[in-house]
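Read the structure below first, then the notes.
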Amino acid sequence: MGILENKVAIITGAASGIGKAIALLYASEGAKIVVSDIDEKGSEDTVASIRENGGDAIFIKADTSKPVDSKNLVELTVKHFGALHVAVNNAGIGGPISPVGEYPIEGWDKTIAINLSGVFYGMRYQIPAMLEAGGGSIVNMASILGKVGTPNSSAYAASKHGVIGLTESAALEYAQYKIRINSIGPGYISTPLLTKNLDEATMDGLVALHPLGRLGTSEEVAELALWLNSDKASFVTGAYFNVDGGYLAQ
């Protein structure tokens, strides 16, 4: 029996990268998966992979920057599977690369809307459903840049710092109701967000930032998320865990 047997889980940003790895791993551990993203093709591929391996999954399209989409996502999940026990608020974007004094306003607003407000909107509707289910567990995807800054990515860093604070506050509010809420801070992970947008020299520079001498994998982040969303982490809430190859230890 898997450690998430018969749990119902929403994974946002599950069409590719970390979100897809989490969805596949959770399904292999017995969870019923709601794959959510704006990328329909990628999401359907994730669902197909889960079903091919004997898992149970559906796709519900949702834009995390829109509160109504988060509301509908939870309502449709409960309608289809009967409850909600687990959520991973993973969807995010990198945002523009520019110094603060030149940063595009629209880029700032979009990055904050998806990366920070999207996590709030997710929890805003996930938590009431988990209360109905008698408890649950939420993992919010932050970043190493939720703890430190970096030049030219102010919106991303600000949004991820916000995710950590939001997680801590929500964890304190709902601990007494058997809902655990934690955040994860990946280092630079080899996902389409990086590989499709950066040249080889830039990628080599990112590798050099990590004492372990490589980028992380989506599967390594997924393993941490699985532990946090399982009963193995039953005394863990309000915490931030970095999975970063030593980046923050420097």
Check: What residue, among those in the range 177-191 that are farther than 16 Å from residue 209 by Cβ and surrounded by fewer than 20 Cβ atoms within 10 Å (Cβ to Cβ), is farthest from the chain's Cα centre (by Cα)?
Finding: 177
Next item on the list: List the number of the failed condition for residue 174; all other conditions in (1) surrounded by fewer than 18 Cβ atoms within 10 Å (Cβ to Cβ); (2) farther than 25 Å from residue 1 by Cβ; (3) over 17 Å from the mean Cα position of the chain (by Cα) hold.
Entry: (1)
Notebook entry, point to check: Looking at this structure, is residue 181 of a type in the set (Val, Ile, Thr) and part of a strand (DSSP E or B)?
Noted result: yes
Next item on the list: Within the range 222-250, track down each residue that is surrounded by fewer than 17 Cβ atoms within 10 Å (Cβ to Cβ) and among the β-branched types (Val, Ile, Thr).
Entry: 236
Note to self: Suppose we filter the range 22-52 for residues that are touching a residue at least 60 places away in the same chain (Cβ under 8 Å) and buried (at least 24 other Cβ atoms within 10 Å of the Cβ); how many remain?
What the structure shows: 2
Note to self: of a type outside the set (Gly, Ala, Ser) and either modelled with pLDDT under 95 or closer than 21 Å to residue 227 by Cα (or both): is that true of residue 86 in this structure?
What the structure shows: yes
Next item on the list: Report, ordered by the first and then the second residue, all pairs with beta carbons closer than 6 Å, sequence separation of six or more or different chains, a first member in the range 230-249 that is within 11 Å of residue 182 (Cα to Cα), and a second member that is of a type in the set (D, E, K, R) and surrounded by fewer than 18 Cβ atoms within 10 Å (Cβ to Cβ).
Entry: 238/168
Item checked: Residue satisfying condition, being within 26 Å of residue 135 (Cβ to Cβ), of a type in the set (Gly, Ala, Ser) and outside any helix (DSSP H, G or I), within set 15, 9, 23 -> 9
Margin query: Of everything in the range 61-77, what is out of contact with any Asp or Glu (no Cβ under 7 Å at 6 or more places or on another chain) and crowded, with 19+ Cβ neighbours inside 10 Å? Give them in sequence order.
Written below: 64, 65, 70, 73, 74, 77
Item checked: Residue list for the range 114-132, restricted to those being surrounded by fewer than 18 Cβ atoms within 10 Å (Cβ to Cβ) and either among the aliphatic types (A, V, I, L, M) or modelled with pLDDT under 95 (or both) -> 131
Notebook entry, point to check: Of the numbered conditions (1) surrounded by 17 or more Cβ atoms within 10 Å (Cβ to Cβ); (2) touching a residue at least 60 places away in the same chain (Cβ under 8 Å), residue 219 satisfies every one except a single condition; which is it?
Noted result: (1)
Next item on the list: Scan the range 143-168 residue by residue and report those that are in contact (Cβ under 8 Å) with a residue 40 or more places away in the chain, in a loop (DSSP other than H, G, I, E, B) and over 16 Å from residue 184 (Cα atoms).
Entry: 151, 152
Margin query: I want to confirm something. Restricting to the range 85-113 and keeping residues that are out of contact with any strand residue (DSSP E or B) (no Cβ under 6 Å at 6 or more places or on another chain) and either surrounded by 22 or more Cβ atoms within 10 Å (Cβ to Cβ) or polar (S, T, N, Q) (or both), which single residue is nearest to residue 180 (Cα to Cα)?
Written below: 92
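The values are calculated or read from the model by the stated rules, or taken from the named source; none is laboratory data. What you see is a predicted model, and the numbers here were worked out from it, not measured in a lab. Heads up, the Cβs are rebuilt from the backbone with ideal geometry, glycines too, and the neighbour counts pull from every protein chain shown.
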